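Report on the structure given below.
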Amino acid sequence: MHNFVWAEELGTEHLDDIRALLLAARTADGRPDIEPDGPFPGEFSGPRHLLCFDGDGPASELVAYAHLDVRGDAFGRQVAELIVHPAYRRRGHGTATLGEVLRHADRLRIWAHGDHPGAARLAERFGLTRARELLVMSAFSAEHEWSEPRLPEGIGLRTFVPGQDEQAVIDVNARAFDWHPEQSAFDMKALRDAQRESWFDADGFFLAENSEGRVVGFHWTKVHPANPSRFGGRPVGEVYVVGVDPDAQGGGLGRALTLAGLRYLRQRGLDQLILYVEGDNTPAVAVYRKLGFETVETDVQYAKGS
C-alpha cells in the first residue's frame with residue numbers, strides 16, 4: 001500500500017530520509033548532484049514535496065520522492081523531479097508516485113534524466129509527450145588544440161568584477177535567452193546567490209565588451225567536484241552559460257567566448273569538460289561538435305498539457 005504525504009516545506013523528520021534516498025540515487029545513477037553534508041540541489045527547492053511510503057506506520061519506508069515546482073518555468077509550466085530509491089525500483093512505486101503528481105498538476109513538465117527506457121514506458125502509459133531534449137556533451141581537453149580566441153573587431157575580453165558587472169550580465173542574459181524556459185528567468189537574486197556558492201570563480205567568468213564599454217556577451221564556467229558514479233569519478237569543468245546579445249551575434253563572438261573558457265578550464269588542470277545544450281539548438285550543437293564535444297547523455301522533459 002502506498003502512503004503519500006504532500007508537504008509545502010520539508011520538516012526535519014523527513015530531511016534525513018530524503019537525503020538518504022537522493023544519495024542512494026546518486027550512487028546508482030550519478031544524479032542528482034548532492035553531497036552527504038551539502039544543501040539540496042536547486043531543483044528540489046521550494047514547494048511542493050511528495051513523499052511516497054511503502055506501507056503505513058513507523059515501520060514504513062520512503063521509497064520515492066518527487067518535487068513539484070509550482071512556481072513553474074518561465075512560461076508558467078510546473079516542473080517536476082521524481083526519484084525512486086534504487087533499492088525499491090521495478091515494484092510499481094514510480095508508477096504510483098507519478099500518478100499522484102499528475103493528479104495535482106495541469107500544465108506540467110517532468111524530467112527523465114538519462115532518457116531511461118523505463119521513464120519512456122511510464123510516459124507512454126500516462127499519455128505524456130516527449131517535449132524537450134537537453135543534451136549533455138563532453139570533450140577531453142588533452143585531445144584538442146583550442147586555439148587563442150579570435151574576437152570580432154572592437155570587442156575586448158575581461159573577467160567579471162563582483163559588485164560592478166551584475167546588472168550588465170543580467171541584461172545580456174535576458175536578451176540572449178528570452179526563449180529559454182529556465183535561463184530566461186535568471187535574475188539578480190539568482191546571480192547573487194550563485195556568487196555565494198563555493199564553486200563561484202570570478203576568474204572563470206569571462207565578459208566581452210564593445211568599444212563603448214558595454215557588455216555584449218559572457219561565458220560563465222563552473223567546476224564540479226568528483227562524483228564517484230559519473231564522468232569517471234573525476235572533477236569536471238563545465239561550459240556553464242554562454243550568452244551573446246542578439247545585436248552581437250553572427251560574428252564569431254560565441255565561439256571566441258567558449259574558447260576562452262575552455263582554455264581556462266584546461267589551465268586549471270581539468271581534463272574532462274561538459275556542457276548542456278538544447279537538443280533543437282542546431283547552430284549551438286554544431287559549434288560544440290566542431291570544438292570536439294560529443295553527446296554522452298540526454299535528459300528529457302515529458303509534458304502534460306501545452
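The values are calculated or read from the model by the stated rules, or taken from the named source; none is laboratory data. None of these values were measured; they are calculated from a predicted model. As a convention, Cβ positions derive from the backbone with ideal geometry for all residues, glycine included, and neighbour counts pool all protein chains shown. Heads up: the accessible areas ignore ligands, DNA and RNA and are worked out on the full protein's heavy atoms, side chains in. Shrake-Rupley method; radii C 1.70, N 1.55, O 1.52, S 1.80 Å.
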### Query
Within the range 1-15, how many residues turn out to be surrounded by 12 or more Cβ atoms within 10 Å (Cβ to Cβ) and polar (S, T, N, Q)?
1
### Query
Which of (1) under 21 Å from G251 (Cα atoms); (2) open to solvent by 20 Å² or more (accessible area, probe 1.4 Å) does E143 not meet, given it meets every other one?
(1)
### Task
Have a look at Y302, Y276 and point out the one that is aromatic (F, W, Y), open to solvent by 30 Å² or more (accessible area, probe 1.4 Å) and modelled with pLDDT of 95 or more.
Y276
### Query
Considering only strands (runs of 3 or more DSSP E) fully contained in the range 207-306, which possess at least 2 residues that are out of contact with any Phe, Trp or Tyr (no Cβ under 6 Å at 6 or more places or on another chain) and over 20 Å from D33 (Cβ atoms)?
215-224, 236-244, 294-304
### Message
Condition first: at pLDDT 90 or above, open to solvent by 20 Å² or more (accessible area, probe 1.4 Å) and part of a helix (DSSP H, G or I). Now tell me which residues in the range 17-74 satisfy that.
### Response
D17, R19, A20, L23, A24, R26, T27, A28, D29
### Query
In the range 291-306, which residues are touching a helix residue (DSSP H, G or I) at 6+ places or on another chain (Cβ under 8 Å) and more than 24 Å from P235 (Cβ to Cβ)?
V300, Y302, K304
### Message
So if I check each of A142, A96, A131, which one is in a helix (DSSP H, G or I), closer than 28 Å to F231 by Cβ and in contact (Cβ under 8 Å) with a residue 40 or more places away in the chain?
### Response
A142
### Subset tally (residues that are without any contact (Cβ under 8 Å) to a residue 60 or more places away in the chain and open to solvent by 70 Å² or more (accessible area, probe 1.4 Å)) for the range 163-186
5
### Query
Taking the stated definitions as given, is R263 at pLDDT 95 or above, among the basic types (K, R) and either open to solvent by 50 Å² or more (accessible area, probe 1.4 Å) or closer than 18 Å to W146 by Cα (or both)?
yes
